[in-house]
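Asker: Structure in structure tokens, see below.
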Amino acid sequence: MFSTAGFCLISGEQASRRMNSLPTPSRPPLRSVLLRSRKRTILGLDPQKLIKYFFGSNASVAIIVLVLIMVFLLREGIDFLPTYQRELQTYRRAGLEFCDIIDKPLQRNQALSSSLRQAVGASLETLSKQARDRRDAAFLLKRQVEDKSARPRESLRQALEKTPPAPDQIEVLRAELAVASTAAAKALKYPAFFSAAEVEQMQREFSALTPEVTDLPPLLLILVEEFTVKDREARTQFAELVTAQEEFEEAAEPLQEVLDELKAKALETKEKAVEFEVLEINRQRLLEAAATETDPKEKASLTKEAEESVSEAVNLEESIKEITGRTAELREQVEKYAVVIEKAAAVLPKDAGTGAARKMVNEVREKIPEHAREMRAASATLEDWRWDKPVSIFRVIGAFFFGTQWITNSSWQDFYGFVPLLTGSLVIAAIAILIATPVSVVAAIYTNQFASEREKELIKPVIEFIQAIPSVVLGFIGISLVGDLIKDFSEWSWLQWVPGFPIQERLNMFNAGCLLAFMAVPTMFSLSEDALNNVPRAYIDASDALGATKLQTVFRVIVPAGISGILSAILLGLGRVVGETMVVLLVAGNRIAIPDFSAGPGVIFQPAHTLTGIIAQELGEVSRGSSHWQALFMVGIVLFAISLLVNWCARAVARRFEPHKA
Amino acid sequence: MSADPTAQSTPPPVVQVRDMDFCYGASQALFDISLKVKYHRVTALIGPSGCGKSTLLRCINRMNDRVPSARVTKGEVLVKGKNIHDADVDLTQLRKQVGMVFQKSNPFPKSIYENVAYGLRIHGEKNKSVLDEAVERSLTHAALWEELKDRLHANALALSGGQQQRLCIARAIATVPDVLLMDEPCSALDPISTLKIEELMHQLAHEFTVVIVTHNMQQAVRVSDYTAFLHLGKLIEFAPTEELFTNPREKLTEAYLRGTFS
């Protein structure tokens, strides 16, 4: 800076010296030099200013659009809270909430009895597995023979049905079928648990299969009988377990019956309540109209009409009384249920069947008293429940932001809980960032510091090209390729140490995370590479001059100096990942439930739904202005806020750790 | 490391340049340079811009290696009697023994302590007490210890320009090099900081052999014991500073000193 100024001074001096030596031209008087010359104006404005305004307005369009987006989102979404409040109010007034107090904990009964059923199955299998396998294998073999000889069998069947019958043709076809069946029966691979005599008998019987005989071959009948005997034997041996399981399952039935009656009643009441709400709104309107009406006659008629509609409210109270009136009965049933299941838990045999079954039974035995306690606690709260207690707005906010259920188009009650979507989005984003960060940062370090010019010319455009791949194409790859790959890998025996393997669903959070990582790599790579590029050359000089090796310079000087840019790149990558829609919609599996974190790290192989995915999937199908529509806009607002926050953090980080600009 | 009287009587050349030609690709930058840098003396390299004085300086610690096409085409450079272009020379060891200070101060964006300790750390020193001792010694040499001892863990970039340059000197001498190269170390500093660094150079000459490039002839007079004058890549004259400035042997030197060209 100084040198430039100095240079200007000197050149100015030289210029004046030169001017002195030249003959002096006639100079204009000083005053007119200083006066502003007249310029052309457009609409009274200086063209320079006009150009300035033009550029300025273009820059401000972006800001205006952003503000408009915020305003629009808020306008559509903010009504959600009062709407949802009204809905929750109805949910309470109609007694649905009352039923759910018992119904929600009761749902655990199903989970527990399904574990018990599995345990019973596993226990029975210890005795009857071989018999069952033999039976199933024999049926399978028979099917295979039938499949292989399907064509002659079909021809024969048609010939037999024909009227009048053609005995000659039938004979020929019969022979053909016999040949085909014999060949098929010979070619079969018989499992080792069949003895040689049994195999021989089977071959014989299968060769003789004909379409008109529907009875099972004798050996198969023997095998079926064999299994029945074994199964009965097993059931007597594990009688305690079997009865406990049956008792446990049946225990819920009387309670469920009462509850179902109440639920039906509640739904009926809900309809009334909705109707009442409409009437109430109508009444308000009538009263308002009456208040402004000047004609006394009209006014009287409006008021009368308004008063008439109030009577419905009384009906609502009567309906709810019918439900709450049965509180004692319901509580009694709950108590009975609790006693029965506790008894069932007590008689559950301690060491039943195989190891897996024993573990399951012991688990259920532990959980049943807990479940009973839960039911009793729920039943106690029934007494305090009031149908006309208003739902506060804080509860509504809590129900949205901390609600664990997102249920829509339900015949019972819609819930808009945000947590399942948020967890899905966050887990997927975390997976993506964990994968993309090392890949892109290491690639950036390599490209910036170690790669030759030719390598740079290859790597940079290729990575940047990833950005150009349409996300729907990536989603397609996720469905058709990555999902199958992960599933195949998960079945390899030497990979079984990986938590969550073998996986159940091809479309899951890990799959989506991988693809999003791929999408985030170009952003993170380019920005990290820029950050490394911006590290002053002087640092590298200093490090080299001290005798540092290339690696030492890179890891002790360049990367620490560029860390702010790298962190900011990671955050911007996160912003991109959180906002990405198409891939997660296609690949994440779209199950609206909080992933089961008790599965440990294997949770990443579960399907989930996301904030972006739910909007894309549902917004097109809901009616405009409904509570569902508004809920989706609320999700949009939160998504917008998250993106703003992430971007703001990226900027803050970039500023916070920017040492060489200090 | 204090000056040994016997060494003073027969000072061996720490750095010796013999008949060296140096090229950047096809263009030759230095022609047939021969120079002996005396032990524990300050040697100044002066000359007009583009005369090759910085290039010559950078030949001594092979900083020119980083320019892909640059190479010594004839002759050799010896540091402590060893040809630094020999195949068995370890570049990191060479640079450990030949420290360098740059024109623009370039401390790392780390703490003051880490800046000074960097050279030792990259050469594998992990012992905390050794590092502490080296940091204190180097900062004391660079006349910074008293100013900075209470904030060793503050970021080095928060220091003033002059302090930063002295920190760079401290960083360069922390590894106890034999030779300290300085490439116009004061050109970006204000007069007071310049003065401090010039004072420092006198001190440093007791323990190190210093080679300094400067475009400021007064500075060369003030700080150096020997001066080499380069012009268009050729070493025109090399003599004790007093002699060169008061009684130059070459016409070109005289013309340059009088300011006929710059």
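Asker: Can you find, within the range B:165-195, the residue that is surrounded by the most Cβ atoms within 10 Å (Cβ to Cβ) among those that are within 11 Å of chain A (Cβ to nearest Cβ), of a type outside the set (A, V, I, L, M) and in contact with a Ser or Thr (Cβ under 6 Å, 6 or more places away or on another chain)?
Answerer: For the range B:165-195, the residue satisfying everything is B:C168.
Asker: Of all residues in the range A:605-656, count the ones that are part of a helix (DSSP H, G or I) and under 19 Å from A:G579 (Cα atoms).
Answerer: 31
Asker: Give B:E198, B:E237 a once-over and let me know the one that is outside any strand (DSSP E or B) and either over 21 Å from B:K104 (Cβ atoms) or not hydroxyl-bearing (S, T, Y) (or both).
Answerer: Numbers: B:E237 fails: outside any strand (DSSP E or B).
Checking each option against the conditions leaves just B:E198.
Asker: For residues in the range A:133-147 being surrounded by 17 or more Cβ atoms within 10 Å (Cβ to Cβ) and charged (D, E, K, R), which is farthest from A:I222 (Cα to Cα)?
Answerer: Within the range A:133-147, the match that is farthest from A:I222 (Cα to Cα) is A:K142.
Asker: Answer yes or no as to whether B:G75 is exposed (fewer than 14 other Cβ atoms within 10 Å of the Cβ), over 15 Å from the mean Cα position of the chain (by Cα) and more than 14 Å from chain A (Cβ to nearest Cβ). Before the answer, list the steps.
Answerer: Numbers: exposed (fewer than 14 other Cβ atoms within 10 Å of the Cβ): no; over 15 Å from the mean Cα position of the chain (by Cα): yes; more than 14 Å from chain A (Cβ to nearest Cβ): yes.
Considered against the rule, which asks whether it is exposed (fewer than 14 other Cβ atoms within 10 Å of the Cβ), over 15 Å from the mean Cα position of the chain (by Cα) and more than 14 Å from chain A (Cβ to nearest Cβ), B:G75 comes out as no.
Asker: Give the residues of the range A:108-132 that are in contact with a helix residue (DSSP H, G or I) (Cβ under 9 Å, 6 or more places away or on another chain) and among the polar types (S, T, N, Q), sorted by residue number.
Answerer: A:N109, A:Q110, A:S113, A:S115, A:Q118, A:S123, A:T126, A:S128, A:Q130 - these are the residues of the range A:108-132 that are in contact with a helix residue (DSSP H, G or I) (Cβ under 9 Å, 6 or more places away or on another chain) and among the polar types (S, T, N, Q).
Asker: If only one of A:A569, A:A538, A:A542 is over 30 Å from A:E618 (Cα atoms), touching a Cys at 6+ places or on another chain (Cβ under 8 Å) and not polar (S, T, N, Q), which one is it?
Answerer: Selected residue: A:A542, the only one of A:A569, A:A538, A:A542 that is over 30 Å from A:E618 (Cα atoms), touching a Cys at 6+ places or on another chain (Cβ under 8 Å) and not polar (S, T, N, Q).
Asker: Let me ask something else. Anything in the range B:57-72 that is away from chain A (no Cβ under 11 Å) and either more than 20 Å from B:P185 (Cβ to Cβ) or part of a strand (DSSP E or B) (or both)? List them, or say none.
Answerer: Result: B:V67, B:S69, B:A70, B:R71, B:V72.
Asker: Another question, then. Quick check on this structure: which one of A:Q467, A:Q413, A:Q449 is surrounded by 12 or more Cβ atoms within 10 Å (Cβ to Cβ) and either in contact with a His (Cβ under 6 Å, 6 or more places away or on another chain) or outside the structural domain of A:T523 (by TED's automatic domain parsing) (or both)?
Answerer: A:Q413 is the lone residue from the list that is surrounded by 12 or more Cβ atoms within 10 Å (Cβ to Cβ) and either in contact with a His (Cβ under 6 Å, 6 or more places away or on another chain) or outside the structural domain of A:T523 (by TED's automatic domain parsing) (or both).
Asker: For the range B:205-232, name all the residues that are closer than 18 Å to B:L180 by Cα and of a type in the set (S, T, N, Q).
Answerer: Residues satisfying the conditions are B:T209, B:T214, B:Q219, B:S224, B:T227.
Asker: Next up: Which residues, counting only those in the range A:616-654, are among the charged types (D, E, K, R), more than 19 Å from the chain's Cα centre (by Cα) and under 23 Å from A:L426 (Cβ atoms)?
Answerer: A:R651, the sole residue that qualifies.
Asker: Of the residues that sit in the range A:70-81 and are over 25 Å from the mean Cα position of the chain (by Cα) and touching a residue at least 40 places away in the same chain (Cβ under 8 Å), which one is farthest from A:G417 (Cα to Cα)?
Answerer: A:M70
Asker: For B:M100, work out the one condition from (1) facing chain A (nearest Cβ under 9 Å); (2) surrounded by fewer than 21 Cβ atoms within 10 Å (Cβ to Cβ); (3) in contact with a helix residue (DSSP H, G or I) (Cβ under 7 Å, 6 or more places away or on another chain) it doesn't fulfil.
Answerer: Condition (2) is where B:M100 drops out.
Asker: Let me ask something additional. Hey, which of the helices (runs of 4 or more DSSP H) in the range A:466-560, taking only ones fully inside, have at least 2 residues that are among the hydroxyl-bearing types (S, T, Y) and in contact (Cβ under 8 Å) with a residue 60 or more places away in the chain?
Answerer: A:509-533
Asker: Now for a different question. Here are A:E271, A:E250: which of them is of a type in the set (D, E, K, R), closer than 30 Å to A:A119 by Cβ and either in contact (Cβ under 8 Å) with a residue 24 or more places away in the chain or in the same structural domain as A:I368 (by TED's automatic domain parsing) (or both)? Even if it seems obvious, please write down each step before you answer.
Answerer: Values: A:E271 fails: closer than 30 Å to A:A119 by Cβ.
One residue alone meets the criteria, A:E250.
Asker: Turning to a different aspect of this structure: Can you name the number of the only condition in (1) small (G, A, S); (2) more than 10 Å from chain B (Cβ to nearest Cβ); (3) buried (at least 22 other Cβ atoms within 10 Å of the Cβ) that A:G500 fails?
Answerer: Condition not satisfied by A:G500: (3).
Asker: When only residues in the range A:524-546 that are surrounded by 24 or more Cβ atoms within 10 Å (Cβ to Cβ) and facing chain B (nearest Cβ under 7 Å) count, which is farthest from B:V179 (Cα to Cα)?
Answerer: A:A542
Asker: Pick from A:T553, A:T549: which is within 14 Å of chain B (Cβ to nearest Cβ), surrounded by fewer than 22 Cβ atoms within 10 Å (Cβ to Cβ), more than 25 Å from A:L527 (Cα to Cα) and not charged (D, E, K, R)?
Answerer: One residue alone meets the criteria, A:T549.
Asker: Here's something else I'd like to know. For the structure I just gave you, tell me whether A:I594 is in contact (Cβ under 8 Å) with a residue 12 or more places away in the chain, assigned to a loop (DSSP other than H, G, I, E, B) and more than 14 Å from chain B (Cβ to nearest Cβ).
Answerer: Yes; evaluated as a whole, the condition is true for this residue.
Asker: While we're here: Given (1) crowded, with 16+ Cβ neighbours inside 10 Å; (2) without any contact (Cβ under 8 Å) to a residue 24 or more places away in the chain, where does A:A289 come up short, assuming only one miss?
Answerer: (1)
Asker: Right, here's the next one. Given the conditions (1) within 14 Å of another protein chain (Cβ to nearest Cβ); (2) surrounded by 23 or more Cβ atoms within 10 Å (Cβ to Cβ); (3) small (G, A, S); (4) in contact with a strand residue (DSSP E or B) (Cβ under 7 Å, 6 or more places away or on another chain), and given that B:S111 satisfies all but one, which numbered condition is not satisfied?
Answerer: Tallying (1) within 14 Å of another protein chain (Cβ to nearest Cβ); (2) surrounded by 23 or more Cβ atoms within 10 Å (Cβ to Cβ); (3) small (G, A, S); (4) in contact with a strand residue (DSSP E or B) (Cβ under 7 Å, 6 or more places away or on another chain), B:S111 fails exactly one: (2).
Asker: Next question. Could you check the range B:114-152 and list, in sequence order, the residues that are within 14 Å of chain A (Cβ to nearest Cβ), assigned to a helix (DSSP H, G or I) and not acidic (D, E)?
Answerer: To start, the set of residues in the range B:114-152 that are within 14 Å of chain A (Cβ to nearest Cβ) comprises B:114-126, B:134, B:138.
If we keep only those that are assigned to a helix (DSSP H, G or I) too, we end up with B:114-122, B:134, B:138.
Listed by number, the residues that qualify are B:N115, B:V116, B:A117, B:Y118, B:G119, B:L120, B:R121, B:I122, B:A134, B:S138.
The values are calculated or read from the model by the stated rules, or taken from the named source; none is laboratory data. Only a predicted model underlies this, so the values are computations on that prediction, with no experimental measurement involved. Glycine gets a Cβ as well: all are built from the backbone with ideal geometry, and neighbour counts include every protein chain shown.
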